[in-house]
1. Evaluate the following for Ser118: is it surrounded by 12 or more Cβ atoms within 10 Å (Cβ to Cβ), more than 16 Å from the ligand (Cβ to nearest atom) and without any contact (Cβ under 8 Å) to a residue 12 or more places away in the chain?
2. Failed condition for Glu73, given (1) within 15 Å of the ligand (Cβ to nearest atom); (2) of a type in the set (Asp, Glu); (3) part of a loop (DSSP other than H, G, I, E, B), with all others met?
3. Looking for whichever is over 24 Å from Asn173 (Cβ atoms) and touching a residue at least 12 places away in the same chain (Cβ under 8 Å) here; the options are Trp109, Trp102, Trp78. Which one fits?
4. Output the number of residues of segment 74-97 satisfying the condition of being in contact with a Lys or Arg (Cβ under 7 Å, 6 or more places away or on another chain), under 21 Å from Pro212 (Cβ atoms) and not hydroxyl-bearing (Ser, Thr, Tyr).
5. Going by the conditions given, is Asp15 in a helix (DSSP H, G or I), surrounded by fewer than 15 Cβ atoms within 10 Å (Cβ to Cβ) and of a type in the set (D, E, K, R)?
6. Do you know which residues across segment 54-69 are β-branched (Val, Ile, Thr), away from the ligand (no atom under 16 Å from the Cβ) and under 17 Å from Ala168 (Cα atoms)?
7. Only residues in segment 30-48 that are of a type in the set (Asp, Glu) count as the first member; pair them with residues that are more than 16 Å from the ligand (Cβ to nearest atom), Cβ under 7 angstrom, at least 6 apart or cross-chain, and list the lot.
8. For segment 327-345, name all the residues that are touching a helix residue (DSSP H, G or I) at 6+ places or on another chain (Cβ under 9 Å) and more than 21 Å from Glu297 (Cβ to Cβ).
Amino acid sequence: MSRPAPTASIPASADDIPDVPVLQAIGDRRTIRYYDPDRKVEEWKIQAVLQAGRLASCQGNINATEAIVVDRETCDLWDDIEECVSGFNVQMINQSSHIIFWLTNLNAWYGRANDGLSTLALSGALTKYHGWNYDFSMTQTIPRLMSFPTERTDLLLRFETGLAVSQAMMCGNALGLGQSLIAFGRKPGGIEGVFGLPPHYRFTWAHVLGYPLEDRTAGGQRPRLKFEKLFHKDAFGTPYMPDPEVNELLRAKGMLQEQAPLPGRMEELDALAERFGRDPGCVSWPAREIQRLMDDEDWDFGPRIREHAQSLLDRGGLPEYPEAMRETFVRLMEEHGLDTSKYLS
Ligand SMILES: Cc1cc2nc3c(=O)[nH]c(=O)nc-3n(C[C@H](O)[C@H](O)[C@H](O)COP(=O)(O)O)c2cc1C
């Protein structure tokens with residue numbers, strides 16, 4: 001493994017930090033999967049990312065989200081960490097510069113509910129105007145919160161950790177970093193063991209950071225379901241239709257960007273694979289599966305992805321559907337009351 005260059009010093013002044021408008025930063029965000037192994041993320045950027053997470057909203061100001069920052073050059077636990085990461089993330093952790101392990105401290109809820117609310121009162125955030133009063137807080141609100149079972153607290157606080165991570169990643173993105181969340185599914189419970197986490201700590205997610213080796217657009221914005229398939233207006237089931245004029249404005253602000261795959265993306269991926277001695281190409285799905293997906297009106301597919309899908313269909317040589325697995329998929333979907341004809345060709 002080559003050694004990253006020494007960490008550059010902090011900027012001489014705040015003016016040296018580029019200003020990226022928030023709508024642009026949201027639009028520019030991509031999951032980056034190729035990192036320059038020779039470029040190390042500056043310590044000040046890591047700290048800025050952590051500050052962004054620390055400033056995220058948290059219920060009652062209890063500060064349950066913590067993190068362990070791992071620098072692959074200095075961390076003695078690297079080999080143990082590598083043993084726990086999911087196989088498809090091994091290349092990513094070894095090319096990236098740092099991993100942030102985001103943790104959720106469940107005991108923050110039980111220990112700091114009182115103090116957190118007190119800090120909000122002292123900072124002019126918790127007011128009588130909204131009905132707060134000390135006596136009610138101490139005899140009703142706080143004891144009720146503290147009596148929640150850990151499963152409920154877990155759900156509430158993990159949601160907060162997700163918020164913190166999202167804010168942290170947006171900051172990293174605005175500072176020009178490439179990032180991805182990564183699963184550590186190879187060894188369940190492994191990371192908790194590697195770091196010797198106390199039982200009230202949850203390892204919520206890991207986040208790699210580095211400088212992108214692929215183009216920053218990572219081949220364009222990845223497709224999503226259509227807006228109106230995700231958002232409801234006034235009642236569940238009533239589609240909220242997006243206004244094309246709003247979309248045009250968001251496009252002009254850089255939030256809505258060109259959809260993947262941009263021209264040259266597949267060639268870029270093959271060149272990266274060749275450089276690192278890895279197999280070229282993207283994974284292929286069977287022809288009928290690609291056709292079914294392209295016909296699914298839930299997805300917001302633009303012309304580029306349709307054109308690419310068609311070129312794969314025309315080229316042929318795609319795999320067969322694993323018929324032996326069909327029954328398993330039918331059962332798994334039916335357990336959840338799903339209409340299997342929607343998801344199976
Ligand atoms: C909680 C979470 C976990 C993820 N885990 C992984 C992962 O283990 N490996 C990976 O390559 N991408 C991972 N991703 C990235 C998603 O696959 C990615 O968001 C998706 O490819 C869409 O691309 P985009 O983020 O560029 O829009 C994860 C994303 C989230 C939100």
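1. Considered against the rule, which asks whether it is surrounded by 12 or more Cβ atoms within 10 Å (Cβ to Cβ), more than 16 Å from the ligand (Cβ to nearest atom) and without any contact (Cβ under 8 Å) to a residue 12 or more places away in the chain, Ser118 comes out as yes.
2. Going through (1) within 15 Å of the ligand (Cβ to nearest atom); (2) of a type in the set (Asp, Glu); (3) part of a loop (DSSP other than H, G, I, E, B) one by one, Glu73 breaks only (1).
3. Within the list Trp109, Trp102, Trp78, the selection yields Trp109.
4. 2
5. Spelling it out, Asp15 is indeed in a helix (DSSP H, G or I), surrounded by fewer than 15 Cβ atoms within 10 Å (Cβ to Cβ) and of a type in the set (D, E, K, R).
6. If the condition is that a residue be β-branched (Val, Ile, Thr), away from the ligand (no atom under 16 Å from the Cβ) and under 17 Å from Ala168 (Cα atoms), then Ile68, Val69 are the ones that fit.
7. Pairs found: Asp36/Tyr211; Asp38/Ser2; Asp38/Pro4; Asp38/Ala5; Glu42/Thr7; Glu42/Ala8; Glu43/Thr7.
8. Across segment 327-345, the qualifying residues are Phe329, Val330, Glu334.
Readers should treat all values here as calculations from the given coordinates under stated rules, not as data from a laboratory. Only a predicted model underlies this, so the values are computations on that prediction, with no experimental measurement involved. Neighbour counts run over all protein chains shown; Cβ positions are idealised from the backbone, glycine included.
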